[in-house]
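Chemist: Would you mind keeping the following structure in view while I ask a few things?
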Amino acid sequence: MPGRGKHRRTARNPITRGVVAVGTGGAALTLPLLGATQASAAEPQSAPAAQTAPQAVQPATSLTYTVAKGDSLYRIAEKYDVSGGWKQLYQDNRAAVGDDPKLIRPGLKLKVETAKAVAPKKATQSSTPAKPAGGVTQATPAAAKTYGNNLDGWIREALDIMAQKGIPGSYDGIYRNIMRESSGNPQAINNWDSNAAKGTPSKGLLQVIDPTFAAYHVPGTPYDPYDPVANITAACNYAADRYGSIDNVNGPY
């Protein structure tokens, strides 16, 4: 019989509070009770879908467009989403374009009504180049070269293109032949000579027939024998091939 005073109540260990006993056959395995917030990680709440603010309708904006090489009224109207298309663009600029909407020239100023947002113009750079640290002056990019929409401008633009393509010729040689062939009229056409009798009348400033224009057309210019720059460059390309240069032509060629 055990001695007196040996039967003391086992003291409760505070660590065992809030545990549950799991039977393991011989010993009790205690597992801590976990609250709902401990049992699983909190599900992140998805952010509310961003609401897209309705876009305001852009009012029509009027701008001035300078015609470049290869442009057409259709292409310009499509680029600026002109209401009414190229026909409306032509009506708005008929006084400047003339009676034929196909004959727009580089440098021509057109009024364009567009619904598209137009980027604001950049602030004009100072004429004095900025000097960064170190004292080296940075050159300001040169503005794009423009040409007058007249005989002088057409010849100068053609000469620049010819220089890029390696086609010889001078201003005086081109001017002299233009004045003899068409008197400076880009719409001139010869309907009475032998070429016309064969169905290929001479056209434009330098009176080029269609087969010659097709054979000597200079890439990068409009495929139109009535286009002044295209006509000049094709004629000079032909003259260079046959005579060495347009400067060597002093009569019908």
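Chemist: Quick check on the range 96-114: of everything there that is modelled with pLDDT of 85 or more and more than 25 Å from I155 (Cβ to Cβ), which residue is most open to solvent (accessible area, probe 1.4 Å)?
Modeler: That would be K111.
Chemist: Please enumerate the residues belonging to the range 160-181 that are farther than 20 Å from L108 by Cβ and either under 31 Å from the mean Cα position of the chain (by Cα) or not in a helix (DSSP H, G or I) (or both).
Modeler: Correct list: M162, A163, Q164, K165, G166, I167, P168, G169, S170.
Chemist: If a residue has to be surrounded by 14 or more Cβ atoms within 10 Å (Cβ to Cβ) and among the polar types (S, T, N, Q) to count, how many in the range 80-95 make the cut?
Modeler: 2
Chemist: Oh, and also: Restricting attention to the range 227-247, does a residue exist that is assigned to a loop (DSSP other than H, G, I, E, B), out of contact with any Phe, Trp or Tyr (no Cβ under 8 Å at 6 or more places or on another chain), free of Cβ contacts under 8 Å to residues at least 60 places away in the same chain and surrounded by fewer than 15 Cβ atoms within 10 Å (Cβ to Cβ)?
Modeler: For the range 227-247, residues assigned to a loop (DSSP other than H, G, I, E, B), out of contact with any Phe, Trp or Tyr (no Cβ under 8 Å at 6 or more places or on another chain), free of Cβ contacts under 8 Å to residues at least 60 places away in the same chain and surrounded by fewer than 15 Cβ atoms within 10 Å (Cβ to Cβ): absent.
Chemist: For the range 199-212, does any single residue satisfy the condition of being in a helix (DSSP H, G or I), of a type outside the set (D, E) and over 15 Å from L151 (Cα atoms)?
Modeler: Within the range 199-212, one or more residues are in a helix (DSSP H, G or I), of a type outside the set (D, E) and over 15 Å from L151 (Cα atoms).
Chemist: How many residues, within the range 176-208, are more than 20 Å from I246 (Cβ to Cβ) and in contact with a Leu (Cβ under 9 Å, 6 or more places away or on another chain)?
Modeler: 1
Chemist: Next question, about the same structure. Filter the range 62-79 down to the residues that are among the hydroxyl-bearing types (S, T, Y), surrounded by fewer than 17 Cβ atoms within 10 Å (Cβ to Cβ) and in contact with a helix residue (DSSP H, G or I) (Cβ under 9 Å, 6 or more places away or on another chain), then identify the one that is farthest from A158 (Cα to Cα).
Modeler: Top of the filtered list is Y74.
Chemist: Restrict the check to the range 115-135 and report whether at least one residue is part of a loop (DSSP other than H, G, I, E, B), open to solvent by less than 70 Å² (accessible area, probe 1.4 Å) and modelled with pLDDT of 85 or more.
Modeler: No.
The values are calculated or read from the model by the stated rules, or taken from the named source; none is laboratory data. Here the structure is a predicted model, which is why all the values come from computation and not from measurement. No Cβ is skipped: glycine too gets one built from the backbone with ideal geometry, and neighbour counts run over all protein chains shown. All accessible areas refer to the heavy atoms of the entire protein, side chains included, with ligands and DNA or RNA removed. Shrake-Rupley method; radii C 1.70, N 1.55, O 1.52, S 1.80 Å.
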